[in-house]
1. Consider only pairs whose beta carbons are under 6 Å apart and that are at least six residues apart or on different chains; among these, list those whose first residue lies in the range A:30-46 and is over 12 Å from A:Ala79 (Cβ atoms) and more than 9 Å from every other protein chain (Cβ to nearest Cβ) and whose second residue is in a helix (DSSP H, G or I) and not β-branched (Val, Ile, Thr).
2. Give me a count of the residues in the range B:14-35 that are within 7 Å of another protein chain (Cβ to nearest Cβ) and more than 22 Å from A:Val54 (Cβ to Cβ).
3. Can you spot a residue in the range B:37-56 that is crowded, with 16+ Cβ neighbours inside 10 Å, facing chain A (nearest Cβ under 9 Å), charged (D, E, K, R) and more than 11 Å from the chain's Cα centre (by Cα)?
4. Being at the interface with chain B (Cβ under 10 Å from one of its Cβ atoms), in contact (Cβ under 8 Å) with a residue 24 or more places away in the chain and among the aliphatic types (A, V, I, L, M) is the filter here; which residues of the range A:47-71 pass it?
5. Scan the range A:75-101 and report the pairs whose first residue is more than 10 Å from every other protein chain (Cβ to nearest Cβ) and more than 19 Å from B:Leu43 (Cβ to Cβ) and whose second residue is modelled with pLDDT under 80 and assigned to a helix (DSSP H, G or I), with Cβ atoms within less than 8 Å and a gap of 6+ or a chain change.
6. Taking the range B:70-83 on its own, how many of its residues are part of a helix (DSSP H, G or I) and in contact (Cβ under 8 Å) with a residue 12 or more places away in the chain?
7. It is to be established whether one or more residues within the range B:14-23 are closer than 21 Å to A:Val16 by Cβ, surrounded by 20 or more Cβ atoms within 10 Å (Cβ to Cβ) and among the aliphatic types (A, V, I, L, M).
8. Out of (1) at the interface with chain A (Cβ under 9 Å from one of its Cβ atoms); (2) in a helix (DSSP H, G or I); (3) surrounded by fewer than 17 Cβ atoms within 10 Å (Cβ to Cβ), what's the single condition that is false for B:Ala63?
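The values are calculated or read from the model by the stated rules, or taken from the named source; none is laboratory data. Keep in mind that this is a model prediction, so the values were computed, not measured. Note: ideal-geometry Cβ built from the backbone for every residue, glycine included; neighbour counts use all protein chains shown.
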Amino acid sequence: MSAATLAVEVLVWVVVITCLLCCLGLVAMKDFFERLHYMATVSTVATMALLAAVVIEQGWGQAAIKMSLIVVVLLLMNAVLTHATARAARVRDLGHWQPAEGEKIAGLEQIGGGGHKDK
Amino acid sequence: MNVWLMGSAVLLFALVLCGISCFRGDAMERLVGLEMAGIIVTLLLVMLAEGMGRVNFYDLALALALLSFGGGLVFARFLERWL
């Protein structure tokens, strides 16, 4: 077994194990906002490992370029989608997504003004 | 059967876990399961394409990544105010 083959096998199993662990976390976590974090690991670690595996297997050809596009889409998608989903959950609960009056935010002083309530 | 196909077969269990997540909790918690399933299936399609030696099948994964992004945004927007 050559070093390249071994590297591809290791990277593929890294992808599989990362996805399985993150999905287990998705099922195990009780809080909605905790669940959201598990998408980040899959769309960064797993996609990067898969890109590396494809590049080692095929070289910089058509497959690697398409895989690079997929990685870019997944990275951008995860950031936007996580924000949109978290914001939607907050609006669904509170009616607005800005800090409520008196709400403490980690790293910030207590916010006195409160958010606007318009929909 | 090469390592890509074996990996994609094992990755199906991750989809089962996403399915379990989609059957529990309220609508927003189910949406997270759906979004995760979109990412997992994208990676699964890439692994299947590589395992079968069909570079053209990468387009399916790219299309799914783009469409699951749009779908997730639309679901989030609708669940935010209307559903």
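1. Pairs that qualify, where the first residue is over 12 Å from A:Ala79 (Cβ atoms) and more than 9 Å from every other protein chain (Cβ to nearest Cβ) and the partner is in a helix (DSSP H, G or I) and not β-branched (Val, Ile, Thr), are A:Thr41/A:Cys22.
2. Step one: of the range B:14-35, the residues within 7 Å of another protein chain (Cβ to nearest Cβ) are B:14, B:17-18, B:20-21, B:28-29, B:31-33, B:35.
Then drop every residue that is not more than 22 Å from A:Val54 (Cβ to Cβ), which leaves B:17-18, B:20-21, B:28-29, B:31-33, B:35.
Residues that pass the stated criteria total 10.
3. Among the residues of the range B:37-56, at least one is crowded, with 16+ Cβ neighbours inside 10 Å, facing chain A (nearest Cβ under 9 Å), charged (D, E, K, R) and more than 11 Å from the chain's Cα centre (by Cα), which makes the answer yes.
4. Result: A:Ala49, A:Leu50, A:Ala53, A:Val71.
5. From the range A:75-101, the pairs are A:Ala100/A:Leu94.
6. First, the residues of the range B:70-83 that are part of a helix (DSSP H, G or I): B:70-81.
This time we only want the ones that are in contact (Cβ under 8 Å) with a residue 12 or more places away in the chain, so: B:71-72, B:75-76, B:79.
Result for the range B:70-83: 5.
7. Yes, there is a match, as at least one residue in the range B:14-23 is closer than 21 Å to A:Val16 by Cβ, surrounded by 20 or more Cβ atoms within 10 Å (Cβ to Cβ) and among the aliphatic types (A, V, I, L, M).
8. (1)
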